[in-house]
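Just so you know, all these numbers are worked out from the coordinates, no wet-lab data involved. On a predicted model such as this, the values are computed, not experimentally measured, just so you know. We place every Cβ from the backbone using ideal geometry, glycine too, and count neighbours over all the protein chains shown.
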Amino acid sequence: MDWLKLEIYIPESHFPALQKALQSADAGHIGNYDSCLSYSRVKGTWRPLQGARPYIGEEGTVSEAEELKVEVNVRIDKLDSTLRAIRNVHPYKEPVINVIPLYAFGAR
C-alpha cells in the first residue's frame, strides 16, 4: 500500500489556498499529471462545546454551513508534509481530514 486518499472538508473561500498547498506538497501527482483532485459541495453540521473558539458558529449551538469535500490521492511518504501544508491554510482549529488507505487505484 503506497497510496492514500485524503478527504478534506473546507469552506469554499479557502479552496484556492488549499489547491496551492496540495500542489506544493505534491499531493495529487499521478503519473504525468499533477494537481489532480476532485471536490463536491456538502453541508456540514457541528456544535462548538464549552471553551471552543469556532471559525463559524457559537458555543453550545448546532451550526450548519456549506463546505467543500476535497478528495486527493497522496503517496504515503508524502503524508506528513501534505497534512502540514493543509493545516497551514485551513481556517478551522480542528479540520476534518480523513486519511483512507488505498489498496489499489486507477485502471491498471
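In degrees, nearest 10, range 0 to 90: what is the angle between the Cα axis of helix 15-24 and the longest Cα principal axis of the chain?
Long axis of 15-24 versus the principal axis of the chain: about 40 degrees.
Take the Cβ-Cβ distance between Arg84 and Arg53 as r, set R0 to 30 Å, and report the resulting FRET efficiency rounded to the nearest 0.05.
It comes to 0.90.
With θ taken as phi - 60° and the coefficients 6.51, -1.76 and 1.60, list the Karplus ³J(HN,Hα) couplings across region 43-54 in order, rounded to whole Hz; mark glycine and proline as x.
10, x, 10, 6, 10, x, 8, 4, x, 6, 10, x
Under 17 Å from a point placed 7 Å out from the Cα of Val99 along the Cα-to-Cβ direction: which residues of region 10-26 have their backbone N that close?
Within reach of a label on Val99, which here means backbone N under 17 Å from a point 7 Å along Cα→Cβ, region 10-26 contributes 22, 25-26.
Which three numbers, in whole Å and largest first, are the semi-axes of the equivalent ellipsoid of the chain derived from its Cα gyration tensor as √(5λ)? Walk me through the numbers before you get to the answer.
Working: eigenvalues 156, 35, 33 Å².
Taking √(5λ) for each Cα gyration eigenvalue gives 28, 13, 13 Å.
Quickly estimate the mean residue ellipticity at 222 nm for the chain, helices only: each DSSP H run with n ≥ 4 gives -39500 (n - 2.57), and the total goes over all residues, rounded to 500. Working shown, then result.
Numbers: 2 runs with 21 residues, N = 108.
Taken over the chain, the calculation gives -6000 deg cm²/dmol.
Taking a label point 7 Å from the Cα of Val62 along the Cα→Cβ vector, which residues of region 26-55 have an amide N closer than 11 Å to it?
It comes to 45-47, nothing else.
Can you tell me the Rg and Dmax of region 13-62, counting just the alpha carbons, in angstroms?
16.2, 48
Show the residues, 5+ positions off or on another chain, whose built amide H is closer than 5 Å to the amide H of Ile30.
For Ile30, whose amide H was placed from the backbone, the distant partners under 5 Å are Cys36.
Using mean Cβ contacts within 10 Å as the protection proxy, how do 82-90, 44-52 order, highest first?
Result, highest mean first: 82-90, 44-52.
Report, to the nearest 10°, how far helix 79-89 tilts away from the longest principal axis of the Cα atoms in the chain, using its own Cα long axis and a range of 0 to 90°.
40 degrees
So if a site counts as exposed when it's one of the GluC sites (Glu not before Pro), its DSSP state isn't H, G, I, E or B, and it has at most 12 other Cβ atoms within 10 Å, what's the longest stretch of the chain without one? It would help to have the intermediate numbers written out before the result.
Working: sites that count: Glu58, Glu59.
Between exposed loop sites, the widest span is 1-57.
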